[in-house]
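Remarks on the structure that follows.
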Amino acid sequence: MARSSEHLQPEAPAAFVRAVETLRAAQYRSEVQLDEPSPPKRLATYTFALSAEVMVDADEPDPDPIATGRLVLLHEPGGHEAWHGDFRLVTYIRASLEPDIGSDPLLLAVAWTWLTDALAARSAPYTAASGTVTRVTSEGFGGMAGQPATADVEIRASWTPLEPDLQPHALAWGDGLTSAAGLLPLPAGVVAMPSLRPRQQRR
(Lines give C-alpha, C1' and ligand atoms only; values in the text may rest on other atoms or scores of the structure.)
Protein backbone atom coordinates (compact mmCIF):
# COMPACT_ATOMS: atom_id res chain seq x y z
CA MET A 1 0.00 0.00 0.00
CA ALA A 2 1.28 3.43 -0.90
CA ARG A 3 1.89 5.59 2.16
CA SER A 4 2.95 8.87 0.62
CA SER A 5 3.22 11.84 2.95
CA GLU A 6 2.00 14.01 0.09
CA HIS A 7 -1.53 12.84 0.91
CA LEU A 8 -1.35 14.78 4.19
CA GLN A 9 -1.49 18.55 4.18
CA PRO A 10 1.82 20.00 5.50
CA GLU A 11 0.00 22.11 8.09
CA ALA A 12 -2.19 19.25 9.31
CA PRO A 13 -2.73 19.39 13.09
CA ALA A 14 -1.23 16.73 15.32
CA ALA A 15 -4.64 15.25 16.15
CA PHE A 16 -5.33 14.61 12.47
CA VAL A 17 -1.87 13.13 11.85
CA ARG A 18 -2.35 10.74 14.80
CA ALA A 19 -5.78 9.74 13.54
CA VAL A 20 -4.32 8.91 10.12
CA GLU A 21 -1.59 6.85 11.76
CA THR A 22 -4.20 4.75 13.56
CA LEU A 23 -6.04 4.15 10.28
CA ARG A 24 -2.81 3.06 8.63
CA ALA A 25 -2.05 0.70 11.51
CA ALA A 26 -5.01 -1.58 10.70
CA GLN A 27 -4.08 -5.01 9.30
CA TYR A 28 -6.55 -6.65 6.92
CA ARG A 29 -7.04 -10.17 5.65
CA SER A 30 -5.02 -11.17 2.59
CA GLU A 31 -7.84 -10.76 0.08
CA VAL A 32 -8.04 -7.01 0.78
CA GLN A 33 -5.63 -4.97 -1.35
CA LEU A 34 -5.18 -1.39 -0.12
CA ASP A 35 -4.09 1.88 -1.62
CA GLU A 36 -3.99 5.52 -0.53
CA PRO A 37 -5.61 7.60 -3.29
CA SER A 38 -5.64 11.37 -3.29
CA PRO A 39 -8.43 12.33 -0.89
CA PRO A 40 -11.30 14.67 -1.80
CA LYS A 41 -10.38 18.24 -0.91
CA ARG A 42 -13.75 19.97 -0.64
CA LEU A 43 -15.43 17.89 2.05
CA ALA A 44 -13.44 19.22 4.99
CA THR A 45 -10.36 21.25 5.88
CA TYR A 46 -8.27 18.08 6.36
CA THR A 47 -8.93 14.81 4.55
CA PHE A 48 -7.34 11.39 4.09
CA ALA A 49 -8.50 8.36 2.11
CA LEU A 50 -8.00 4.62 1.84
CA SER A 51 -9.26 2.52 -1.04
CA ALA A 52 -9.51 -1.25 -1.27
CA GLU A 53 -10.26 -4.08 -3.64
CA VAL A 54 -11.27 -7.55 -2.48
CA MET A 55 -9.56 -10.10 -4.73
CA VAL A 56 -10.04 -13.86 -4.56
CA ASP A 57 -8.47 -14.78 -7.91
CA ALA A 58 -5.20 -12.91 -7.50
CA ASP A 59 -3.23 -15.65 -9.31
CA GLU A 60 -5.17 -15.11 -12.55
CA PRO A 61 -3.67 -12.87 -15.25
CA ASP A 62 -6.35 -10.16 -15.02
CA PRO A 63 -8.51 -10.77 -11.96
CA ASP A 64 -11.61 -8.72 -11.21
CA PRO A 65 -12.34 -7.51 -7.67
CA ILE A 66 -15.52 -8.91 -6.16
CA ALA A 67 -15.88 -5.80 -4.01
CA THR A 68 -14.37 -2.33 -3.87
CA GLY A 69 -14.48 0.34 -1.21
CA ARG A 70 -13.20 3.69 -0.05
CA LEU A 71 -12.86 5.09 3.47
CA VAL A 72 -12.40 8.85 3.85
CA LEU A 73 -11.42 10.62 7.06
CA LEU A 74 -12.64 14.21 7.44
CA HIS A 75 -11.42 16.63 10.11
CA GLU A 76 -12.61 20.09 11.10
CA PRO A 77 -10.66 21.57 14.04
CA GLY A 78 -13.16 22.98 16.47
CA GLY A 79 -15.89 20.60 15.40
CA HIS A 80 -18.68 20.43 12.83
CA GLU A 81 -22.27 20.84 14.02
CA ALA A 82 -23.71 18.17 11.73
CA TRP A 83 -21.05 15.65 12.74
CA HIS A 84 -21.33 16.11 16.51
CA GLY A 85 -17.54 16.01 16.64
CA ASP A 86 -14.22 16.97 15.03
CA PHE A 87 -13.86 13.88 12.83
CA ARG A 88 -16.11 12.09 10.38
CA LEU A 89 -15.61 8.79 8.56
CA VAL A 90 -17.27 8.35 5.17
CA THR A 91 -17.35 5.11 3.22
CA TYR A 92 -18.50 3.75 -0.10
CA ILE A 93 -18.65 -0.01 -0.70
CA ARG A 94 -19.76 -1.80 -3.86
CA ALA A 95 -19.91 -5.57 -4.27
CA SER A 96 -21.08 -8.03 -6.91
CA LEU A 97 -23.79 -10.47 -5.85
CA GLU A 98 -25.41 -13.55 -7.22
CA PRO A 99 -28.68 -12.48 -8.94
CA ASP A 100 -30.86 -14.44 -6.50
CA ILE A 101 -29.23 -12.68 -3.55
CA GLY A 102 -29.58 -9.33 -5.31
CA SER A 103 -33.35 -9.84 -5.56
CA ASP A 104 -33.80 -10.71 -1.87
CA PRO A 105 -36.23 -8.16 -0.35
CA LEU A 106 -34.20 -8.13 2.87
CA LEU A 107 -30.92 -7.33 1.11
CA LEU A 108 -30.86 -3.59 1.80
CA ALA A 109 -31.50 -3.90 5.53
CA VAL A 110 -29.02 -6.76 5.86
CA ALA A 111 -26.34 -4.88 3.93
CA TRP A 112 -26.57 -1.96 6.35
CA THR A 113 -25.90 -4.34 9.25
CA TRP A 114 -22.70 -5.56 7.59
CA LEU A 115 -21.19 -2.24 8.62
CA THR A 116 -22.99 -1.55 11.90
CA ASP A 117 -22.45 -5.09 13.19
CA ALA A 118 -18.77 -4.83 12.27
CA LEU A 119 -18.42 -1.57 14.22
CA ALA A 120 -20.04 -3.21 17.24
CA ALA A 121 -17.88 -6.34 16.95
CA ARG A 122 -14.71 -4.24 16.78
CA SER A 123 -15.80 -2.14 19.77
CA ALA A 124 -15.57 1.02 17.67
CA PRO A 125 -17.73 3.65 19.41
CA TYR A 126 -19.53 6.11 17.14
CA THR A 127 -22.49 8.44 16.85
CA ALA A 128 -24.64 10.14 14.20
CA ALA A 129 -24.46 7.30 11.67
CA SER A 130 -26.33 7.78 8.42
CA GLY A 131 -26.30 6.35 4.93
CA THR A 132 -28.03 4.56 2.09
CA VAL A 133 -27.97 1.08 0.58
CA THR A 134 -28.76 0.65 -3.12
CA ARG A 135 -29.17 -2.44 -5.25
CA VAL A 136 -28.18 -2.29 -8.92
CA THR A 137 -29.46 -5.05 -11.20
CA SER A 138 -29.16 -5.52 -14.95
CA GLU A 139 -30.45 -8.00 -17.52
CA GLY A 140 -29.62 -8.22 -21.20
CA PHE A 141 -32.19 -7.87 -24.00
CA GLY A 142 -32.13 -8.08 -27.77
CA GLY A 143 -28.62 -8.67 -28.99
CA MET A 144 -27.44 -8.93 -25.35
CA ALA A 145 -30.13 -11.38 -24.27
CA GLY A 146 -27.54 -14.09 -23.79
CA GLN A 147 -25.60 -12.10 -21.22
CA PRO A 148 -26.04 -13.31 -17.62
CA ALA A 149 -28.01 -11.11 -15.25
CA THR A 150 -25.90 -9.19 -12.74
CA ALA A 151 -26.58 -7.66 -9.34
CA ASP A 152 -24.54 -5.27 -7.23
CA VAL A 153 -25.05 -3.65 -3.86
CA GLU A 154 -23.77 -0.17 -2.97
CA ILE A 155 -23.38 1.07 0.60
CA ARG A 156 -22.79 4.75 1.35
CA ALA A 157 -22.40 5.59 5.00
CA SER A 158 -20.83 8.06 7.40
CA TRP A 159 -20.39 8.19 11.16
CA THR A 160 -18.56 10.15 13.86
CA PRO A 161 -15.96 8.20 15.86
CA LEU A 162 -16.00 8.86 19.60
CA GLU A 163 -12.37 7.96 20.33
CA PRO A 164 -9.12 9.19 18.72
CA ASP A 165 -7.90 5.67 17.95
CA LEU A 166 -9.50 4.91 14.58
CA GLN A 167 -7.93 1.50 14.05
CA PRO A 168 -11.10 -0.35 15.22
CA HIS A 169 -13.12 1.71 12.74
CA ALA A 170 -10.74 0.86 9.91
CA LEU A 171 -10.93 -2.84 10.82
CA ALA A 172 -14.72 -2.65 10.95
CA TRP A 173 -14.73 -1.06 7.50
CA GLY A 174 -12.59 -3.94 6.25
CA ASP A 175 -14.98 -6.44 7.84
CA GLY A 176 -17.97 -4.73 6.21
CA LEU A 177 -16.18 -4.80 2.87
CA THR A 178 -15.41 -8.51 3.05
CA SER A 179 -18.93 -9.29 4.28
CA ALA A 180 -20.28 -7.48 1.21
CA ALA A 181 -17.90 -9.58 -0.89
CA GLY A 182 -19.43 -12.75 0.56
CA LEU A 183 -16.35 -13.88 2.49
CA LEU A 184 -16.93 -15.63 5.79
CA PRO A 185 -15.43 -13.94 8.86
CA LEU A 186 -12.18 -15.46 10.10
CA PRO A 187 -11.22 -16.19 13.70
CA ALA A 188 -8.12 -14.36 14.86
CA GLY A 189 -4.95 -15.96 13.52
CA VAL A 190 -6.68 -18.08 10.87
CA VAL A 191 -5.46 -17.73 7.27
CA ALA A 192 -8.11 -17.62 4.54
CA MET A 193 -8.31 -20.49 2.06
CA PRO A 194 -8.62 -19.53 -1.63
CA SER A 195 -12.23 -18.77 -2.57
CA LEU A 196 -14.02 -21.05 -5.02
CA ARG A 197 -16.63 -18.44 -5.93
CA PRO A 198 -16.88 -18.22 -9.76
CA ARG A 199 -16.02 -14.91 -11.37
CA GLN A 200 -18.88 -13.07 -13.00
CA GLN A 201 -18.65 -12.22 -16.66
CA ARG A 202 -18.02 -8.53 -17.25
CA ARG A 203 -19.71 -6.73 -20.06
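The values are calculated or read from the model by the stated rules, or taken from the named source; none is laboratory data. Everything numeric here is computed off the predicted structure, so don't read it as measured data. For neighbour counting, all protein chains shown are included, and Cβ atoms are generated from backbone atoms with ideal geometry for every residue, glycine included. Remember, those area values only see protein heavy atoms, side chains included, never the ligands or the DNA or RNA. Shrake-Rupley method; radii C 1.70, N 1.55, O 1.52, S 1.80 Å.
General remarks:
- Placing a label point 7 Å from the Cα of Glu163 along the Cα-to-Cβ direction, the residues of segment 115-153 whose backbone N falls under 15 Å of that point are 119-127.
- As a rough guide to protection, the peptides 123-134, 156-167, 25-36, 99-110 ranked by mean Cβ packing within 10 Å, highest first, stand as 156-167, 25-36, 123-134, 99-110.
- Contour minus Cα-Cα distance for Asp64 and Leu184 (0.36 nm per residue): 41.3 nm
- Loop-resident sites, segment 35-141, for GluC sites (Glu not before Pro), counting at most 14 other Cβ within 10 Å (DSSP): Glu81, Glu139
- Cα pair distances in segment 34-161, grouped into 5 Å bins until the bin that holds the longest one, percent each: 2, 9, 15, 18, 18, 15, 10, 6, 4, 2, 1, 0
- Looking at segment 21-112, the accessible area is 50 square angstrom per residue; that uses a 1.4 Å probe and ignores ligands, DNA and RNA.
- The phi torsions of segment 149-163, fed into the Karplus equation with coefficients 6.51, -1.76 and 1.60 and a -60° offset, translate into couplings of 5, 10, 9, 10, 10, 10, 10, 10, 8, 8, 7, 9, x, 9, 9 Hz, rounded to whole numbers, with Gly and Pro shown as x.
- In a simple Cβ point-charge model (Lys, Arg +1; Asp, Glu -1; nothing else charged), segment 7-132 has a dipole of about 720 debye relative to its Cα centre.
- The loop-placed trypsin sites (Lys or Arg not before Pro) in segment 39-143, going by DSSP, that have at most 16 neighbouring Cβ atoms within 10 Å of their Cβ come out as Lys41, Arg42.
- Distant alpha-carbon pairs in segment 95-161 (separation over 14 angstrom), percent: 64
- Accessible carbon and sulfur surface of segment 15-121 relative to its total accessible area, %, 1.4 Å: 53
- Leu108-Ala145 FRET efficiency (beta carbon distance; Förster radius 25 Å; 0.05 resolution): 0.35
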